[in-house]
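Data first, discussion second: the structure below is written as structure tokens.
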Amino acid sequence: MLIGLIRHGLTDWNAAGKIQGQSDIPLNAEGRMQAEMLAGRLAQEPYRWDYCVTSTLSRAAETGKIIAEKLGIPLLPPDPRIRERAYGQVEGMTAEEREQKWGKDWQRLPLGQESDEDLQERGLEFIDELSLSHPDKNVLIVSHGGFLAQLYQAIYKGKYSERIGNLSLTILEKDSESWNPVLYNCTKHLMQNQR
């Protein structure tokens with residue numbers, strides 16, 4: 001089994017540097033174009049995908065719809081377990097605004113944000129269940145940067161820590177015991193049109 005983990009395309013809040021969390025911010029025109037670019041790449045590569053599943057937030061759902069339509073694969077029902085981390089009171093704020101209001105250590109304050117442990121737990125539960133329900137299928141998963149970063153922390157215990165880019169692609173292959181990285185946080189499809 002392969003899973004392809006994709007961060008949704010760009011939104012206006014991404015462009016402004018605001019934390020989105022579970023606020024339902026839609027893709028912008030650039031985000032839709034990014035989704036088309038990744039869909040074009042996936043259509044050309046040797047991997048074959050059977051399904052696509054997205055979070056319940058519209059930016060991920062629209063990204064997944066664009067990709068699934070291009071590849072001619074069905075969309076599974078959206079899954080709330082792969083939603084972005086809930087950030088509570090800091091959603092909609094830039095780094096400067098957060099630090100001005102609560103200081104540089106705002107993440108340590110109880111502002112309603114979901115814990116790393118809770119995020120990792122729901123991420124691992126999701127991929128474990130997916131591998132049991134579709135063991136011989138290859139599935140694209142469209143989710144969110146904060147969620148994916150914590151999922152990779154849970155699987156690889158700190159081995160990967162770089163920022164997860166919009167419309168990045170990570171491919172993991174399941175063997176009997178673990179998920180092995182085939183590709184990590186790749187955005188080459190976005191670079192090709194910038195020449």
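The values are calculated or read from the model by the stated rules, or taken from the named source; none is laboratory data. Just so you know, these numbers come straight off a predicted model, no measurement behind them. Glycine also receives a Cβ, built like all others from the backbone with ideal geometry; neighbour counts cover every protein chain displayed.
Quick one: which of LEU169, LEU109 is in contact with a helix residue (DSSP H, G or I) (Cβ under 8 Å, 6 or more places away or on another chain) and at pLDDT below 95?
LEU109
Evaluate the following for THR63: is it in contact with a His (Cβ under 6 Å, 6 or more places away or on another chain) and either modelled with pLDDT of 95 or more or not hydrophobic (A, V, I, L, M, F, W, C) (or both)?
Judged against the criteria, THR63 is a match.
Tally up the residues in segment 112-127 that are assigned to a loop (DSSP other than H, G, I, E, B) and either among the polar types (S, T, N, Q) or touching a Lys or Arg at 6+ places or on another chain (Cβ under 9 Å) (or both), please.
3
Anything in segment 148-164 that is loosely packed, with under 15 Cβ neighbours inside 10 Å and not hydroxyl-bearing (Ser, Thr, Tyr)? List them, or say none.
LYS157, GLY158, LYS159, GLU162, ARG163
Looking for something within 13 Å of the chain's Cα centre (by Cα) and within 21 Å of MET93 (Cα to Cα) - is there at least one such residue anywhere in segment 9-17?
Yes - at least one qualifying residue is present in segment 9-17.
Could you list, in sequence order, the residues of segment 31-59 that are assigned to a helix (DSSP H, G or I) and among the small types (Gly, Ala, Ser)?
GLY31, ALA35, ALA39, GLY40, ALA43, SER58
Out of all the residues in segment 91-110, which are assigned to a loop (DSSP other than H, G, I, E, B) and surrounded by fewer than 16 Cβ atoms within 10 Å (Cβ to Cβ)?
GLY92, GLY103, LYS104, ASP105, LEU109, PRO110 - these are the residues of segment 91-110 that are assigned to a loop (DSSP other than H, G, I, E, B) and surrounded by fewer than 16 Cβ atoms within 10 Å (Cβ to Cβ).
From the list GLY4, GLY40, GLY72, which residue is more than 30 Å from MET93 (Cβ to Cβ), touching a Phe, Trp or Tyr at 6+ places or on another chain (Cβ under 8 Å) and small (Gly, Ala, Ser)?
None of the others qualify; the one that does is GLY4.
Among what's in segment 131-147 and is at pLDDT 95 or above and crowded, with 21+ Cβ neighbours inside 10 Å, pick the residue that is farthest from ARG48 (Cα to Cα).
If we take residues in segment 131-147 being at pLDDT 95 or above and crowded, with 21+ Cβ neighbours inside 10 Å, then PHE147 is farthest from ARG48 (Cα to Cα).
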